[in-house]
Amino acid sequence: MSFQSSRRRFRDRFAEALQGVVLRCRYQHKHLANMTGATTKSVANWISGQNLPAADHLITLMREEDEIFFAVLAMAERLPEGMSEEQRFHLLQALKLLQEKK
């Protein structure tokens, strides 16, 4: 797979995950912009699949939204695609426990 087709696939998968968050949480572009420090135009470009967020914006979104966290793990092939909600819940709980032990 070429670099360009991989990039397109990542943009599409990220946009799909972010659209899910927007619909589920009823977020406005301005809310996501305030959350990440990006502009509303940047947020609109992420949602439409035009661009991917910069690393700092992506990390903020992953920290705040589990759906984004799991989408990025799946794109990095670090997560089985067919994980159930229960399995995701248990994985998040394990990660939280690891953070507490720091």
Give me a count of the residues in segment 48-84 that are at pLDDT below 90, more than 15 Å from residue 17 (Cα to Cα) and among the acidic types (Asp, Glu). 1
Quick test for you: out of 20, 49, pick the one residue that is in contact with an Asp or Glu (Cβ under 6 Å, 6 or more places away or on another chain) and surrounded by fewer than 17 Cβ atoms within 10 Å (Cβ to Cβ). 20
I'm told residue 1 meets every condition in (1) part of a helix (DSSP H, G or I); (2) modelled with pLDDT under 90 except one. Can you identify the failing condition by its number? (1)
Could you grab the pairs with beta carbons closer than 7 Å, sequence gap of 6+ or different chains, first residue in segment 67-87 and free of Cβ contacts under 8 Å to residues at least 40 places away in the same chain and among the charged types (D, E, K, R), second one surrounded by 10 or more Cβ atoms within 10 Å (Cβ to Cβ) and assigned to a helix (DSSP H, G or I)? 81/74
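The values are calculated or read from the model by the stated rules, or taken from the named source; none is laboratory data. Nothing here was measured: the structure is a model prediction, and the numbers come from that model. Cβ sites come from the backbone with ideal geometry, for glycine too, and all protein chains shown count toward neighbours.
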